[in-house]
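Undergrad: Input: one structure, supplied below.
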Amino acid sequence: MEVGTTHNAHAEVTRVGAHFDQLVERYGDDHRALDYGSRQSQRIRFEVLASGLALSNRRVLDVGCGMGDFKDYLDGCGMPVAYAGVDASARMIELARARHPGEEFSAGDVLAPGVARACDVAVANGIFYLLGACAAELMQNIVARMWALAEEAVAFTSLSAWSPRAVNGEFHADPLGVVKFCRSLTPWVRLRHDYLPHDFAVFLYKRPVDA
């Protein structure tokens, strides 16, 4: 699927990158720079993503990688991967490279040519909520880009429109609308909305997976 991008889409990604640059300036190497409420909620999302994917000995692309925390999680679980991360925040990438000197990190917009490389599995954890007025369209573009890069599977989490509460200014995606779009890419799609009340995860597979 060919992914179309616009000046406005790139501008939104750049704006989000600048926002996280400022958080790094304020908090340094701390989960608050990632705009997480807690390390626990981050770990829950990591567990969900890993539960739906075959990751060991795969090439994993982490879109919106932050400081490379997902790599730390996989290492702690004994899952060896060939890891690469891309993030719109240059300051995040500086911290990621300092933490993981042997891994590949790129600063920039994943929709731009040459920023991200091919992989077996592409993941994105909670990266869509600040994308502004064009968030729904931009989310689709990013997921389609991940799908084009991945040989085996794509997985991502998002804030949910089914949440009992919402924060003004944050994008909460409609899970069924997202699944409908994902099914335009592949018939093999899995939705999870059972781990946090305000969050959901979607898995896209290039081929059927065993139940």
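Undergrad: Please return the ranges of strands (runs of 3 or more DSSP E) entirely within the stretch 77-170 where 2 or more residues are farther than 22 Å from Phe20 by Cα. Spell out the reasoning first.
TA: Numbers: elements: 82-87, 104-107, 119-125, 150-159.
Qualifying strands (runs of 3 or more DSSP E): 119-125, 150-159.
Undergrad: If you don't mind, there's one more thing I want to ask. Looking only at the stretch 35-46, filter to residues that are modelled with pLDDT under 85 and either aromatic (Phe, Trp, Tyr) or not in a loop (DSSP other than H, G, I, E, B) (or both); which one of those is surrounded by the most Cβ atoms within 10 Å (Cβ to Cβ)?
TA: Within the stretch 35-46, the match that is surrounded by the most Cβ atoms within 10 Å (Cβ to Cβ) is Tyr36.
Undergrad: Go over the candidates Asp194, Asp199, Asp210 one by one and state the one that is modelled with pLDDT under 95 and not basic (Lys, Arg).
TA: Just a single option satisfies the conditions, and that option is Asp210.
Undergrad: Among the candidates Ala144, Ala153, Ala148, which residue alone is at pLDDT 95 or above, out of contact with any helix residue (DSSP H, G or I) (no Cβ under 9 Å at 6 or more places or on another chain) and more than 19 Å from Phe46 (Cβ to Cβ)? Walk me through how you get there before you give the answer.
TA: Values: Ala144 fails: out of contact with any helix residue (DSSP H, G or I) (no Cβ under 9 Å at 6 or more places or on another chain); Ala153 fails: more than 19 Å from Phe46 (Cβ to Cβ).
After applying the criteria, what remains is Ala148.
Undergrad: Follow-up question, since we're still on this one. Residue under question is Ala118, and the condition is that it be buried (at least 23 other Cβ atoms within 10 Å of the Cβ), at negative phi, at pLDDT 95 or above and not charged (D, E, K, R); does it hold? Walk me through how you get there before you give the answer.
TA: Details: buried (at least 23 other Cβ atoms within 10 Å of the Cβ): no; at negative phi: yes; at pLDDT 95 or above: yes; not charged (D, E, K, R): yes.
It is false that Ala118 is buried (at least 23 other Cβ atoms within 10 Å of the Cβ), at negative phi, at pLDDT 95 or above and not charged (D, E, K, R).
Undergrad: What are the residues in the stretch 122-137 that are in contact with an Asp or Glu (Cβ under 7 Å, 6 or more places away or on another chain) and modelled with pLDDT of 95 or more, if any?
TA: Val123
Undergrad: Next up: Go through the stretch 157-180 and count every residue that is buried (at least 18 other Cβ atoms within 10 Å of the Cβ) and either of a type in the set (Gly, Ala, Ser) or within 14 Å of Ala136 (Cβ to Cβ) (or both).
TA: 8
The values are calculated or read from the model by the stated rules, or taken from the named source; none is laboratory data. Since the structure is predicted, the reported quantities are computational estimates derived from the model, not experimental observations. Methodologically, a virtual Cβ is constructed for each residue, glycine included, from the backbone with ideal geometry; neighbour enumeration extends over all protein chains shown.
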